[in-house]
Amino acid sequence: MNRSIVLARYPDGEIVEGDFALREGARPQVVEGTFVTRNRYFSMDAGFRQWMNADSGDNYLPGMPLDEAVQSIVLGEVIESRHPDFPEGAIVSARTAWEEYSLLDGSDLCSILEVDPRVPLHEYMSTLGPTGMTAWFGLQDIGRPQQGDVLLVSAAGGAVGTVVGQLGRIAGCHCIGLTSSEAKARWLRDEVGYHIAISRERYPDLPAALAEFAPQGIDIMFDNVGGTVLDAALGNLREGARIVLCGAIAQYEAEQPQPVYNTWELITKRANAQGFMFSDYAAQFPAAISELGRYLQQGSLKSFNQVYDGLEAAPRAFCDMMHGRSRGKCLVRLAAD
């Protein structure tokens, strides 16, 4: 059998565990040009929430249909293959689904991972996986950090935010993280290494807080939230600022997107705002993994993971991640390393 977690109904506002359901079906059968993976880890990524809404397809991905396994980035082991490039025993990362076994053909971000036995396997779904590469390519290619730059990161306690803050510090930036609670703000300062952490709980007036903690302006804004948070940052830019548009979690569960008014600042500050997807850089994945792995080995980059066990835990893990109840990278483990 092949158990999976499906989207049982389209969410109405905040996603809840009841929007998902467990299903059982037949294990997929290999045909020529395909292979089957036994899945080991699911990556919980807030961006997939956008495609869970009704009629949410766009130029990047189609909306998720009801009663089908929820789409996700997954790490699995090839257990049966009739594909020449994906032998049995290979560890692969692919965009597939919340299911125990997947039938794949090598497309859709599917690649064999060169696993270092010294590195825990789950890191290839975390700091050495889509999360780390999203942080790396967004910051390096669009943010272009320089020594002394002021780097502001929204959703700093999330998977990407924890990596961006550390990479910024390695590059010599003054790193400011935005988060929800004072408890998370202390954790960002004490554990993750942000120089300053600003919480909504203590500083409800974000424009005033940014004026206080970044009086000379912001050089790089790495935005995972959008809406009013992005608007506040745009109001406090330094000339030549770079805005990395990575996510828009403020709008995934909102009836209407929050407006952004301060776009005039992009003109007067000669700033650049650019969106991206980590998949844009697929050809550069090996080089990024190598650099991130080197920082991990040196200890200059730490990995912060919250792991949930079992297929049935996927709905709770996703809801916790969406609503700020997890820290760092949120993963679901189906089988032990």
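The values are calculated or read from the model by the stated rules, or taken from the named source; none is laboratory data. Keep in mind that what you see is a predicted model, and the values were worked out from it rather than measured. Please note: Cβ atoms are built from the backbone with ideal geometry, for glycine as well, and neighbour counts cover all protein chains shown. Ligands, DNA and RNA are excluded from the accessible area calculation, which covers all protein heavy atoms including side chains. Shrake-Rupley method; radii C 1.70, N 1.55, O 1.52, S 1.80 Å.
Computed values, structure above
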item: Exposure ranking of SER126, SER81 by accessible area [1.4 Å probe, largest first]; result: SER81, SER126
item: Longest site-free stretch - the chain; sites: GluC sites (Glu not before Pro), DSSP loop, at most 16 other Cβ within 10 Å; result: 115-200
item: Cα lying deepest toward the dipole's positive end in the stretch 113-209, options SER154, VAL115, PRO207, charges on Cβ; result: PRO207
item: Accessible-area value, ASP205, 1.4 Å probe, nucleic acids and ligands omitted, Å²; result: 90
item: Calculated [θ] (222 nm, deg cm²/dmol) that DSSP helices of n ≥ 4 give over the chain, each run adding -39,500 (n - 2.57); result: -6000 deg cm²/dmol
item: Accessible surface of the chain [probe 1.4 Å, protein heavy atoms]: carbon and sulfur percent; result: 47
item: Accessible area of ILE79 in the full protein assembly, 1.4 Å probe (Å², nearest 10); result: 50
item: Net dipole in debye of the stretch 196-283 [+1 Lys, Arg Cβ; -1 Asp, Glu Cβ; about Cα centre; nearest 20]; result: 260
item: Accessible area, probe 1.4 Å, largest first, for residues ARG186, ARG242, ARG3; result: ARG186, ARG3, ARG242
item: Accessible surface of PHE276 - all protein chains present, 1.4 Å probe, nearest 10 Å²; result: 20
item: Surface per residue (accessible, 1.4 Å probe) for the chain, Å²; result: 44
item: Euclidean distance between Cα centres, the stretch 16-59 to the stretch 202-239, Å; result: 36
item: Modelled label reach - MET277, point 7 Å along Cα→Cβ, the stretch 88-130 residues with backbone N closer than 12 Å; result: 95, 108-109
item: Three-way shape call for the stretch 130-173 based on the alpha-carbon gyration tensor, with the a/c threshold at 1.5; result: oblate
item: Accessible heavy-atom area order of ILE218, ILE170, ILE289, highest first, probe of 1.4 Å; result: ILE170, ILE289, ILE218
item: Nonlocal amide H pairs with ASN2, under 5 Å, H built at 1.01 Å; result: GLY25, ALA26, ARG27
